[in-house]
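Working notes for the structure below.
Laboratory data are not the source of any read-out in this text; all were calculated from the coordinates shown. From a predicted model like this one, the values you see are computed outputs, not experimental measurements. We place every Cβ from the backbone using ideal geometry, glycine too, and count neighbours over all the protein chains shown.
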Amino acid sequence: MGQRLLFGEAYGRLEVSVDGVPSGLRAVTIPVKRSGEARLPRDRRRRLRVQEVDLVADGSVGLFEPPAGLAPNDLLWVLRAERRSWDVVTRRFGVEAEQMANALVRCGGVVLRREVDELLALGRPIRWCLTESWSQQAPERMLELLGAREPRRARAELLAVLASVANLDSERGLLEDVPDHAGLVVPESSRSGTRAWSVYEAAVRAAAEWWTLRAQGEEEVTLKQLAASTLGGSKRWTPQQQVAFANLLGMEFEEAVHEEETDLRVKGPLSWSIGEVAADASVARPWVGLPARGLRLVGQATCWAEGILVIENSDTFGAVCRRLPELTARWLCVWGRGYVSDQLVALLAWLPSMPVAAWCDLDADGIAIVHGLAGKLGRPVHAVGMEAAEWRRGPYRKRKDPEADRAADRKLAAELAGQVADDLRELALAVAASGESFEQENQYTSVLPRLPELLTPLLEPASTDPSGTWR
């Protein structure tokens, strides 16, 4: 059984203990940063200083499961505005306003902001905002509630778009087979991977335009160019549309469309969905890219991995995905653009029971990634293939400004040497003495073939190492 995950509105915030929080909800606030740590705001006497809190769901919620007692016209009203002041909410729901607001928070629909009094008890509500998940789904859900489009006409318009695009013939055939009496349904077996018509239509139009531009000799199709011509605006891509569009093309979104980068690439035992679109990292070739926008707040995943391996360099990540299927069958391999991003931490933080390993460049920055990730996760991150003996083999990286770069690395490595242990400390001391950097791509013959062997002991109960490294 995999572990169900939901990236929600509480990410990046800290829970606050206040009186009067209804059951099924919890109060959170934005932390302050002190000495690199996120802490609750306090006054000079160390007393908690919170004047407002946001109420969010306590636990996982569905992607779109409105409260059972919410009438369709009321749901439509909720979805029509990103933000509602409390006065407006009470005019709509009267004496039931607070009960309805709490129900919407419990199901993941809104975030309710409330005052906090001097005794740290909940005060009056201020406003609510749609969650990122509901906000992104609102246009599609409102169309469903309104029944605004005639299905046969909508299908005919989309078939006309597909008529001259040979690369999408199979998709056109599936759409032609949809019965006339059917509603706005996505064809069975569609490559788009979505069940939502609005997402499907946008992805098909974008894919058709992409193939048309390529046939006309366009070697580079930009994000804004494609969105402006097919989605009605240059900034209207949603994560659901990105995934469905990439599925139709059979390539990663960032490979097809320029100016939009993917923060995370994953390969291994994990399936992920956002809205109505799904991606399966266990069968993807060579990996699945998770869109940066929306991932932190929207997305549901099932993971059945035994451990997580973070890889610093994209080329090395690709080599692992292609060459080591026996490893990706057990380990969730993640590339996070070579640094400890919020998206990377968000994903890993939802997998607390798994060992986390990291394979990075053998230099000051690589050591910093392992150390920084362990600090943000609050649990050990085991370095693999990062022994000082490996670093001593060379060859070392050529630098644009050798003197300045080596000096910076010596300084950082010296600082880290006092904070890490065992193998990483030995490596840090070696780098602190010379400032040289050894890239992990030079380890394809020495470490890559042995990677499953190096990782296997981490899955054994006795392998826990408080130092955060693995020999």
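Remarks
- Annotation: amide H of Leu309 within the under-5 Å range of Leu332, Cys333, Val334, Ala357, sequence separation 5 or more or interchain, hydrogens built in the peptide plane.
- Its relative contact order, with pairs defined as Cα atoms under 8 Å and 6+ residues apart, puts the chain at 11 percent.
- Neighbour net charge for Glu176 - beta-carbon separation under 13 angstrom, K R +1, D E -1: -2
- Computed 3J(HN,Hα) for region 56-65, one whole-Hz value per residue from the Karplus formula 6.51 cos²θ - 1.76 cosθ + 1.60 where θ = phi - 60°, is 10, 5, 9, x, 6, 9, x, 5, 7, 9, glycine and proline marked x.
- With Cα atoms as the point set, the radius of gyration and Dmax of the chain evaluate to 25.3, 75 Å.
- Taking the Cα atoms of region 302-432, the ratio Rg/Rh between the radius of gyration and the Kirkwood radius comes to 0.98.
- Region 120-187-region 367-417 distance, computed between alpha-carbon centres (Å): 48 Å
- Remark: Ser85, Ser198 ranked as Ser85, Ser198, counting other beta-carbon atoms within 10 Å and listing the fewest first.
- The alpha-carbon atoms of region 357-434, seen along their principal axes, cover 35, 22, 19 angstrom, with the largest extent given first.
- Separation in nanometres of the label points that stand 7 Å from Cα toward Cβ, at Ser164 and Arg450: 6.0 nm
- Full-extension gain in nm, Ala156 to Ser17, via 0.36 nm per residue minus C-alpha separation: 44.5 nm
- Segment Leu145-Glu415, extension gain: residue separation times 0.36 nm, minus the distance between their alpha carbons: 91.3 nm
- Under 5 Å from the amide H of Glu52 lie the amide H atoms of Val116, each residue being 5 or more positions distant or on a separate chain, with H modelled from the backbone and absent for Pro and chain starts.
- Along the axis of the charge dipole computed for the chain (Cβ charges of +1 for Lys and Arg, -1 for Asp and Glu, origin at the Cα centre), the listed residues Ser434, Leu458, Gly123 are led at the positive end by Gly123.
- Whole-Hz couplings from phi, Karplus 6.51/-1.76/1.60, listed for region 367-374; x for Gly and Pro: 5, 5, 5, 4, 5, x, 5, 4
- Computed over region 6-144, the ratio Rg/Rh where both radii use C-alpha atoms and Rh is Kirkwood: 1.00
- Whole-Hz ³J(HN,Hα) from phi, Karplus 6.51 cos²θ - 1.76 cosθ + 1.60, for region 96-102, glycine and proline x: 8, 4, 5, 4, 5, 4, 5
- Amide H within-cut-off set for Arg191, under 5 Å, with H built and near neighbours excluded: none
- Burial ranking of peptide ranges 331-338, 182-189 (average Cβ count within 10 Å, highest at the top): 331-338, 182-189
- Relative to the 2.2 N^0.38 Å rule of thumb, region 150-260 has a C-alpha radius of gyration ratio of 1.01.
- Likely footprinting exposure, Met354, Met386, Met251, fewest C-beta neighbours within 10 Å first: Met251, Met354, Met386
- Cα shape, region 98-208, gyration tensor, a/c 1.5 rule: prolate
- Stretched out straight at 0.36 nm per residue, the stretch from Ala71 to Glu96 would grow longer than its current Cα-Cα span by 7.7 nm.
- Given +1 at the Cβ of Lys and Arg, -1 at the Cβ of Asp and Glu and no other charges, the dipole of the chain around its Cα centre is 1260 debye to the nearest 20.
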